[in-house]
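Structure first, then comments.
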Amino acid sequence: MHRTERVRQLLWRWRDNPLRRHDDIVEAWIVLAVWLVIAIGGTLTGLLTAHAADASFARLRHERHAVQAVLVASTARTVGIGADTPYDRVRATVRWTAADGSTHTGRALVDYGHRVGSKVVVWLNSKEQLTTQPPTASAADVEAASLGAAAGVAFSGLAFAAGRVARWRLDQRRYDQWGREWDQAGPQWRRKTT
């Protein structure tokens, strides 16, 4: 098949045709607009979401810092399960010294299996409150990419759904028009018996 014939087949909705209706041209523009929105808008939405997520994770890494703490209670007792527990981190009471020299106590996620008095690493935010460990740079990259891809797919899905609704409405309008035309032409085709 020649290249020009392929292009003409792809652009069949815009070709001059005596049977082409105005709704066919409108539908062609809707399809083109939807695919452009999906391609450009989905890509931009995904990139912007990934960039925002990456910036948020970088801010978390910058704001949070690790400090040494001492376990106040054994982590094996806090779970109440033997050594074969499926959890590698549990919530336990810890004590740490802040930068100003004051002592604080709180509950944080620590590795399972430590005894009272063991040194563990806990994470503090900029207000010196216990928080979770920020994601590593590689984990943040993967999560940001996943969030960006999900946002792009969600945006594209919404655009596709909006296009389908618009095309469904055009189809309903065509069915109504065909019904009115049939109501006019139908009686002329019926046989009259005398």
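Values as computed for the structure displayed
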item	result
Some residue of region 157-168 being open to solvent by 60 Å² or more (accessible area, probe 1.4 Å), free of Cβ contacts under 8 Å to residues at least 12 places away in the same chain and under 22 Å from Ser56 (Cα atoms)	no
Breaking point among (1) open to solvent by 80 Å² or more (accessible area, probe 1.4 Å); (2) β-branched (Val, Ile, Thr); (3) at pLDDT below 90, for Ile40	(3)
Qualifying residue in region 129-142 (condition: at pLDDT 85 or above, assigned to a helix (DSSP H, G or I) and either open to solvent by 90 Å² or more (accessible area, probe 1.4 Å) or within 30 Å of Val26 (Cβ to Cβ) (or both))	yes
Every residue from region 114-128 that is in contact (Cβ under 8 Å) with a residue 12 or more places away in the chain and either among the aliphatic types (A, V, I, L, M) or open to solvent by 50 Å² or more (accessible area, probe 1.4 Å) (or both)	His114, Arg115, Val116, Lys119, Val120, Val121, Val122, Trp123, Leu124, Ser126, Glu128
In region 95-113, residue nearest to Val67 (Cα to Cα) [restricted to those that are β-branched (Val, Ile, Thr) and exposed (fewer than 14 other Cβ atoms within 10 Å of the Cβ)]	Thr97
Search result, residues across region 137-156 that are polar (S, T, N, Q) and in contact (Cβ under 8 Å) with a residue 60 or more places away in the chain	Ser156
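Rundown of residues vs (1) farther than 30 Å from Trp96 by Cα; (2) open to solvent by 50 Å² or more (accessible area, probe 1.4 Å), yes/no style:
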residue	(1), (2)
Leu19	yes, yes
Ser56	no, no
Gln68	no, yes
Val72	no, yes
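The values are calculated or read from the model by the stated rules, or taken from the named source; none is laboratory data. Computed from a predicted structure; not experimentally measured. All Cβ positions, glycine included, derive from the backbone under ideal geometry; neighbour counts span all protein chains shown. Accessible surface areas use protein heavy atoms only, side chains included; no ligands, DNA or RNA. Shrake-Rupley method; radii C 1.70, N 1.55, O 1.52, S 1.80 Å.
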